[in-house]
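The values are calculated or read from the model by the stated rules, or taken from the named source; none is laboratory data. Being a predicted model, the structure only gives us computed values, none of them experimental. We place every Cβ from the backbone using ideal geometry, glycine too, and count neighbours over all the protein chains shown.
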Amino acid sequence: MNAPRPLTLPEEFVLLAHQPSGTVQSVLRADAGCAAAELGDLALRGKLRIRTNKFEFLGIRVYRGTNAVELLDVSPTGLGWADALLDELARLSATRPVPVREWRQTRGVEAFDRHRAALVERGLLHHEPSDIPAQDRYLPHNPTRDALIAEIETAIGSHAPIGAHMLFRFDLANAIAQLRITKRGRWVMNRDRGIGPVADIPEDLRETSRVLTMVLPERSA
């Protein structure tokens, strides 16, 4: 029997976005976060990066709102959704840069629905329909969800180096309103400066992860 395929970054995000009760606290934020997670997954595969627009002010790095997707490699990944996304990004970027904020605004609902359906098929979300579709519940497989959270807690509570995938997972999970990650503090400061556990992660990946979460709607949305 073949081993189960590892979860992609957007699948991890969608699973974490569902509370144990089966609801999602901020649908708008979750939709946008999943679109960001798709871009993050492609960045981890070396397919793209986010070209940042930033400057230093009083020693603080400030990002402007015009950060755009820069394609690096459009060869197939073997994942249907990822290859379709690469094709679409290549088509759009042929005429102008693709702003990250614009992308997440137009692709969020489609992305979230796509990966939620994949998790239902894999048995990691259990769909409980309602007479009103907007009130449907999707109960997460809590052992898998809890394991993802525990891995984040362990990684940021340790001084050991972490991989880029864990950095992206942490940044996206940290952006979900209902998910409480207890160990942050100095780790969060160090991830922006590229020291400590994230020291071995290339700066372009650190910045890509940072910008992808910065463009999400406010938590009050």
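Tabulated results
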{"quantity": "Options 80, 46, 108, 33; residue that is at pLDDT below 90 and either within 30 Å of residue 130 (Cβ to Cβ) or surrounded by fewer than 22 Cβ atoms within 10 Å (Cβ to Cβ) (or both)", "calculated": "108"}
{"quantity": "Residues of the range 1-30 classified as buried (at least 17 other Cβ atoms within 10 Å of the Cβ), small (Gly, Ala, Ser) and in contact with a strand residue (DSSP E or B) (Cβ under 8 Å, 6 or more places away or on another chain), total", "calculated": "2"}
{"quantity": "Residue tally, condition in a loop (DSSP other than H, G, I, E, B) and modelled with pLDDT under 90, over the range 7-30", "calculated": "2"}
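Here is a yes/no grid of residues against (1) under 14 Å from residue 39 (Cβ atoms); (2) touching a residue at least 24 places away in the same chain (Cβ under 8 Å); (3) small (Gly, Ala, Ser):
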{"site": "78", "(1), (2), (3)": "no, no, yes"}
{"site": "82", "(1), (2), (3)": "yes, yes, yes"}
{"site": "88", "(1), (2), (3)": "yes, no, no"}
{"site": "91", "(1), (2), (3)": "no, no, no"}
{"site": "97", "(1), (2), (3)": "yes, yes, no"}
{"site": "100", "(1), (2), (3)": "yes, yes, no"}
{"site": "103", "(1), (2), (3)": "yes, yes, no"}
{"site": "107", "(1), (2), (3)": "yes, yes, no"}
